[in-house]
Amino acid sequence: QVQVVESGGGLVQAGGSLRLSCAASGSISSINSMAWFRQAPGNQRELVASVTSDGSTSYAESVRGRFSISRGNAKNTVALQMNSLKPEDTGVYYCNADAIAEDYEWSYTYWGQGTQVTVSS
(Lines give C-alpha, C1' and ligand atoms only; values in the text may rest on other atoms or scores of the structure.)
Protein backbone atom coordinates (compact mmCIF):
# COMPACT_ATOMS: atom_id res chain seq x y z
CA GLN A 1 0.00 0.00 0.00
CA VAL A 2 1.24 3.48 -0.87
CA GLN A 3 0.27 6.64 1.00
CA VAL A 4 0.71 10.23 -0.13
CA VAL A 5 0.52 13.05 2.39
CA GLU A 6 0.65 16.79 1.72
CA SER A 7 1.41 19.61 4.15
CA GLY A 8 2.07 23.33 4.14
CA GLY A 9 -1.14 24.95 2.96
CA GLY A 10 -2.62 28.01 4.56
CA LEU A 11 -3.80 31.58 4.17
CA VAL A 12 -1.52 34.19 2.62
CA GLN A 13 -1.93 37.66 1.17
CA ALA A 14 -1.51 38.32 -2.52
CA GLY A 15 2.16 38.65 -3.38
CA GLY A 16 3.20 36.32 -0.58
CA SER A 17 4.77 32.88 -0.64
CA LEU A 18 3.97 29.38 0.55
CA ARG A 19 5.84 26.10 0.39
CA LEU A 20 3.96 22.84 0.06
CA SER A 21 5.52 19.49 0.87
CA CYS A 22 4.50 15.99 -0.10
CA ALA A 23 5.80 12.57 0.89
CA ALA A 24 4.99 9.16 -0.53
CA SER A 25 5.47 6.20 1.78
CA GLY A 26 4.69 2.50 2.07
CA SER A 27 5.65 -0.49 -0.02
CA ILE A 28 7.14 1.41 -2.96
CA SER A 29 9.35 -0.20 -5.53
CA SER A 30 9.93 2.93 -7.59
CA ILE A 31 8.42 6.31 -8.36
CA ASN A 32 8.23 7.48 -11.97
CA SER A 33 7.03 10.99 -11.31
CA MET A 34 5.35 13.22 -8.77
CA ALA A 35 3.07 16.14 -9.43
CA TRP A 36 0.93 18.86 -7.91
CA PHE A 37 -2.61 19.52 -9.03
CA ARG A 38 -5.10 22.08 -7.76
CA GLN A 39 -8.84 22.44 -7.79
CA ALA A 40 -10.76 25.64 -7.20
CA PRO A 41 -14.47 25.54 -6.28
CA GLY A 42 -16.57 24.81 -9.35
CA ASN A 43 -13.51 24.04 -11.47
CA GLN A 44 -11.89 20.87 -12.66
CA ARG A 45 -8.67 19.64 -11.13
CA GLU A 46 -5.73 21.00 -13.11
CA LEU A 47 -2.06 20.16 -13.32
CA VAL A 48 0.19 22.76 -11.69
CA ALA A 49 3.65 21.20 -11.93
CA SER A 50 5.32 17.83 -12.27
CA VAL A 51 8.76 16.31 -11.94
CA THR A 52 10.02 13.00 -13.31
CA SER A 53 12.50 10.56 -11.82
CA ASP A 54 15.28 12.07 -13.94
CA GLY A 55 14.49 15.57 -12.71
CA SER A 56 12.61 16.92 -15.72
CA THR A 57 10.01 19.47 -14.73
CA SER A 58 6.94 20.97 -16.35
CA TYR A 59 4.60 23.77 -15.31
CA ALA A 60 1.20 25.14 -16.14
CA GLU A 61 1.52 28.38 -18.06
CA SER A 62 -0.35 30.22 -15.31
CA VAL A 63 2.35 29.45 -12.70
CA ARG A 64 5.51 29.40 -14.80
CA GLY A 65 8.12 31.71 -13.34
CA ARG A 66 6.33 31.93 -9.98
CA PHE A 67 6.21 28.31 -8.79
CA SER A 68 9.06 25.83 -8.53
CA ILE A 69 8.79 22.06 -8.04
CA SER A 70 11.66 20.03 -6.62
CA ARG A 71 12.25 16.49 -5.43
CA GLY A 72 14.01 15.71 -2.20
CA ASN A 73 17.17 13.65 -1.87
CA ALA A 74 15.11 10.67 -0.80
CA LYS A 75 13.24 10.84 -4.16
CA ASN A 76 9.94 10.04 -2.44
CA THR A 77 9.32 13.64 -1.48
CA VAL A 78 8.44 16.67 -3.52
CA ALA A 79 8.02 20.33 -2.68
CA LEU A 80 6.23 23.17 -4.41
CA GLN A 81 7.59 26.63 -3.73
CA MET A 82 4.92 29.20 -4.59
CA ASN A 83 5.93 32.85 -4.89
CA SER A 84 4.07 35.98 -5.98
CA LEU A 85 0.79 34.30 -5.14
CA LYS A 86 -2.42 35.60 -6.66
CA PRO A 87 -6.05 35.20 -5.52
CA GLU A 88 -6.63 32.94 -8.53
CA ASP A 89 -4.10 30.49 -7.08
CA THR A 90 -6.64 29.70 -4.35
CA GLY A 91 -7.76 26.10 -4.21
CA VAL A 92 -7.11 22.67 -2.79
CA TYR A 93 -3.68 21.45 -3.81
CA TYR A 94 -3.23 17.74 -4.34
CA CYS A 95 -0.01 15.80 -4.66
CA ASN A 96 0.23 12.57 -6.58
CA ALA A 97 2.86 9.93 -7.15
CA ASP A 98 3.03 7.67 -10.18
CA ALA A 99 4.58 4.70 -8.44
CA ILE A 100 5.13 0.97 -8.74
CA ALA A 101 4.26 -0.76 -5.50
CA GLU A 102 6.21 -3.78 -4.34
CA ASP A 103 4.95 -7.05 -5.87
CA TYR A 104 3.29 -5.14 -8.72
CA GLU A 105 4.42 -4.82 -12.33
CA TRP A 106 2.63 -1.67 -13.37
CA SER A 107 2.53 1.83 -11.99
CA TYR A 108 -0.51 3.43 -10.43
CA THR A 109 -1.24 7.02 -9.54
CA TYR A 110 -1.64 7.55 -5.83
CA TRP A 111 -3.25 10.74 -4.53
CA GLY A 112 -3.04 12.64 -1.30
CA GLN A 113 -6.02 14.13 0.53
CA GLY A 114 -5.15 17.70 -0.46
CA THR A 115 -4.20 20.86 1.38
CA GLN A 116 -6.05 24.16 1.21
CA VAL A 117 -4.29 27.25 -0.15
CA THR A 118 -6.12 30.55 0.16
CA VAL A 119 -4.73 33.78 -1.26
CA SER A 120 -6.48 36.94 -0.13
CA SER A 121 -6.52 40.11 -2.19
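The values are calculated or read from the model by the stated rules, or taken from the named source; none is laboratory data. Since we're looking at a predicted model, the values are computed, not measured. Here the Cβ positions follow ideal geometry from the backbone for every residue, glycine too, while neighbour counts run over all protein chains shown. With ligands, DNA and RNA removed, areas are computed over all heavy atoms of the protein, side chains included. Shrake-Rupley method; radii C 1.70, N 1.55, O 1.52, S 1.80 Å.
Tabulated values for the structure
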{"read-out": "Dipole in debye (nearest 20) - the range 1-111, about Cα centre, beta carbon charges: Lys, Arg +1; Asp, Glu -1", "value": "460"}
{"read-out": "Cleavage-rule hits, trypsin sites (Lys or Arg not before Pro), the range 63-115, DSSP coil, Cβ neighbours within 10 Å at most 15", "value": "Arg66, Lys75"}
{"read-out": "Solvent-accessible area, 1.4 Å probe, carbon plus sulfur percent, for the chain", "value": "46"}
